[in-house]
């Protein structure tokens, strides 16, 4: 999760004087990289696709595994936030089936009712 970066989900690669941004669909979004180096980058990405697949997945009841652009990867528990608040927008999330149906976009997680969490808030939760 890129809590202070830009879309789409990506990583930065450097090789000598070359720099590029590569998204998780094996596409160079910005910059240039020689073919030989790019081949190595895509091979490395393929090796770690399973790890990327874990991110943004349900871990347990109201817990979601998140990864941030500074390398922090943690399971964030949102149960207290959902059940202790009196805000109506949280009500549907009390149903675990609704909660499970979240979408991870490139900067945070969101639900069909329009609720999302500021990535900075999620990051703070992950640090505790």
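The values are calculated or read from the model by the stated rules, or taken from the named source; none is laboratory data. Every value quoted in this text rests on a predicted model; they were computed, and no experiment measured them. Counting neighbours? That spans all protein chains shown, and the Cβs are built from the backbone with ideal geometry, glycine included.
Remarks
- Subset of the stretch 1-25 (residues that are on the phi < 0 side of the Ramachandran plot, assigned to a loop (DSSP other than H, G, I, E, B) and modelled with pLDDT of 70 or more): 17, 24, 25
- Residue pairs whose Cβ atoms lie under 7 Å apart, separated by 6 or more positions or on different chains, with the first residue in the stretch 74-87 and more than 12 Å from residue 109 (Cβ to Cβ) and the second in a helix (DSSP H, G or I) and modelled with pLDDT of 90 or more, are 74/126; 82/90; 82/93; 82/94; 83/94.
- Residue count for the stretch 32-56 under the criterion of being assigned to a helix (DSSP H, G or I), in contact with a strand residue (DSSP E or B) (Cβ under 7 Å, 6 or more places away or on another chain) and either in the same structural domain as residue 107 (by TED's automatic domain parsing) or modelled with pLDDT under 70 (or both): the result is 1.
- Given (1) in contact with a strand residue (DSSP E or B) (Cβ under 6 Å, 6 or more places away or on another chain); (2) closer than 23 Å to residue 128 by Cα, index of the condition residue 68 fails: (1)
- Which numbered condition residue 87 fails, given (1) within 28 Å of residue 24 (Cβ to Cβ); (2) surrounded by fewer than 17 Cβ atoms within 10 Å (Cβ to Cβ): (1)
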